[in-house]
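What follows is a short report on a single structure.
The values are calculated or read from the model by the stated rules, or taken from the named source; none is laboratory data. Quick caveat: nothing in here was measured; it's all calculated off a predicted structure. Note that we place each Cβ from the backbone using ideal geometry, even for glycine, and neighbour counts take in every protein chain shown. The area values use the complete protein model at the heavy-atom level, side chains included, leaving out ligands, DNA and RNA. Shrake-Rupley method; radii C 1.70, N 1.55, O 1.52, S 1.80 Å.
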Amino acid sequence: MTNQAMTHFKSQVFLILHQSQAGECLSYGEIAKLAGFPGYARQVGQLLKKLPKDTKLPWHRVVNAQKCISFMEGSEAYFRQKEKLEAEGWIIIGSKLKHKDQ
């Protein structure tokens, strides 16, 4: 990917994330596809991994294709994401997410 394409990809990913609504959950692959780069799910993950801890972007709304939190269960990052998702109405059953309204 050229620098210009990477800049476009990055800005599209961040825009999609910024526009996501509370209670919404997207997979890495869905974001890549919406950004116009289908097949770039891992790159979405790499971008989010590099976000600063104090970011205002709702990174916690991004999960894997199985609708599970990707962080290792029991890790600090896992609990941080789980807490933020639960505050938006998500319930974690086993490792799967389910919205309380479903």
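Would you mind calculating the relative contact order of the stretch 54-98 from Cα pairs under 8 angstrom and at least 6 residues apart, reporting the percent as a whole number?
RCO, the stretch 54-98: 34 percent.
Report the relative contact order of the chain, percent, no decimals, based on alpha-carbon pairs under 8 angstrom and at least 6 residues apart.
That works out to 23 percent.
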**Request:** Lys and Arg at +1, Asp and Glu at -1: add these up for the other residues within a Cβ distance under 12 Å of Lys98 and post the number.
**Result:** +1
**Prompt:** Could you give the longest part of the chain that holds none of the trypsin sites (Lys or Arg not before Pro) found in DSSP loops with at most 10 neighbouring Cβ atoms within 10 Å?
**Reply:** 1-49
**Message:** Using helices alone, I'd like the mean residue ellipticity at 222 nm for the chain: each DSSP H run of four-plus residues gives -39500 (n - 2.57), total over residue count, nearest 500.
**Reply:** -13500 deg cm²/dmol
**Asked** Ignoring the sites themselves, what is the longest stretch of the chain with no GluC sites (Glu not before Pro) in a DSSP loop and at most 15 other beta-carbon atoms within 10 Å?
**Response** 25-72
**Message:** Restricting the calculation to Cα positions, tell me the Rg (one decimal) and the Dmax (whole number) of the stretch 33-102 in Å.
**Reply:** 12.6, 34
**Violating pairs (Cα-Cα greater than 23 angstrom) within the set Lys10/Lys49; Lys56/Lys82; Lys10/Lys98; Lys67/Lys100** = Lys10/Lys98
**Asked** Is any helix in the chain, taking whole DSSP H runs, at least 20 angstrom long along its axis by alpha carbon and on average at least -1.0 on the Kyte-Doolittle scale, and which ones?
**Response** 3-19
**Message:** With a 1.4 Å probe and all protein chains left in place, how much accessible area per residue does the chain have, in Å²?
**Reply:** 65
**Asked** Rounded if a/c is under 1.5, else prolate if a/b is larger than b/c, else oblate: which is the stretch 4-73, with a ≥ b ≥ c the root eigenvalues of its Cα gyration tensor?
**Response** rounded
